[in-house]
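This report concerns only the one structure given below.
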Amino acid sequence: MHLLVRIVSDEQVVGAAYLLGNIYVITEESSNVLVYTGHSPYNLIQSIPVEGMIAVDIATNYADVCVYILDNGNGRVSRIDRKHDVTTFIDGLGRGNLLSMSVNSEGRVTIVQTNSKTLTYDKNVSVLRDFSSRIEDTLHAVEVAEEKCVVCSAKTTIKVTNGGKEVCRQDEVGCRYVDVNRDGDLIACDWSGHQIVKLNPETLQVIATLLTLDRDGVESPRHVRYVMENGLMLVSWMHFLDVYSFRRTANRGYLASPDQDIRNQRIREASELESEISQSSVFLQLIQMSEEFLLPRTSYVGKDNDLHSKEGGLNPPPQEVCTKNLGLPFC
């Protein structure tokens, strides 16, 4: 795992979701949804007010391309669309009884209430499943393959059928929150163990420890979100939101700032130019055309990028990005 940024909040961070290049964050004691850019430098760009909101969970609905907020203050699920307009998706849930929510790839919403009651709605707001969990003090539930549901508490995690019949369980890791990655594996918050772990979706056994307190400084994680769009992982704990990537080179691709995108485009253009003019013997024309693709040296991605020196200044760009094969003096 590679930490890309640690966003600090004045309030406890409840959860976060990602959609179309933005990160949406909810915090305790706030009736606003905070919107950050989903790439360096992760600036706060908007605060969306929702009257009377006490947000307890947040999730992305990829089927409808929107963000859902589980609002315990108004007893509903609110919908934030791509224009950041807020509407009500599910109403009448009862104020003060809502704990958590998950949304599967087809847009079905599973909601856990304080009495361990679990409700699943389809995209037309029809109730597909209504049962009381076999686990006391259920904290979260998420639909998995083959019409089954994984339900977790601070002490145990079980997989059940739609009818509530237990399929398997594991009592080694108590999970406060669970999400599903692109491969169907479960990414779970072990609150008391101060870690984020990966669980086998068939057996619920721990197959990898992704983050720990000693190694990564993550203390009592309460919410985790795997981003299907790009493989990022958002971890909410105390006053912090951590953005992680499973790829070491993530800060050079989809996380690039607009300036970096322009820089990379110019590199590609310079490479294409080199190929074209290599067939020409007119050296003067080579110089004139190449000068149009001088690369700026002031735009870099992230403070932790290896383009920064230990003294805080900028190191020269790596040699591989220069058009050194052109034999030009400015590389």
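Please treat every number below as a calculation from the coordinates, not as lab data. No experiment lies behind these values; they were computed from the predicted model shown. Virtual Cβ from ideal backbone geometry, glycine too; neighbours counted across all protein chains shown.
Compute the normalised compactness of region 1-119: alpha-carbon radius of gyration over 2.2 N^0.38 Å, N being the residue count.
1.03
Applying a 10 Å radius around every beta-carbon, put 2-11, 104-113 in order of their mean neighbour count, most first.
104-113, 2-11
How far apart, in nm, are two points set 7 Å out from the Cα along the Cα-to-Cβ line at Asp85 and at Asn181?
Going from the Asp85 label point to the Asn181 one covers 3.7 nm.
Ranked highest first by the average count of other Cβ atoms within 10 Å around their residues, in what order do 15-28, 171-184 fall?
15-28, 171-184
Enter the mean projected area of the convex hull around the alpha-carbon atoms of region 30-97, in nm², rounded to one decimal.
That works out to 4.8 nm², a quarter of the Cα hull's surface.
Work out the FRET efficiency for Arg247 and Asp10 from their Cβ-Cβ distance, taking R0 = 25 Å, and round it to the nearest 0.05.
The pair Arg247/Asp10 has a calculated efficiency of 0.20.
Restricting things to alpha carbons, find the Rg to Rh ratio for region 65-165 using the Kirkwood radius for Rh.
Ratio value, two decimals: 0.96.
Extension gain Glu51-Thr203, at 0.36 nm per residue separation less the Cα-Cα distance, in nm?
Computed gain between Glu51 and Thr203 is 50.5 nm.
State, to one decimal in nm, how far the label point of Ser132 lies from the label point of Cys168, with both points 7 Å from Cα in the Cβ direction.
In this crude label model, Ser132 to Cys168 measures out at 2.8 nm.
Under the Karplus relation 6.51 cos²θ - 1.76 cosθ + 1.60, θ = phi - 60°, what is the ordered set of whole-Hz ³J(HN,Hα) values for region 78-90, x standing for Gly and Pro?
Going residue by residue, I get 9, 10, 10, 8, 5, 8, 6, 7, 10, 10, 9, 9, 10 Hz, with x marking Gly and Pro.
Largest first and in whole Å, what are the equivalent-ellipsoid semi-axes of region 144-226 based on the Cα gyration tensor, each being the root of 5 times an eigenvalue?
Gyration-tensor ellipsoid for region 144-226: 22, 13, 10 Å.
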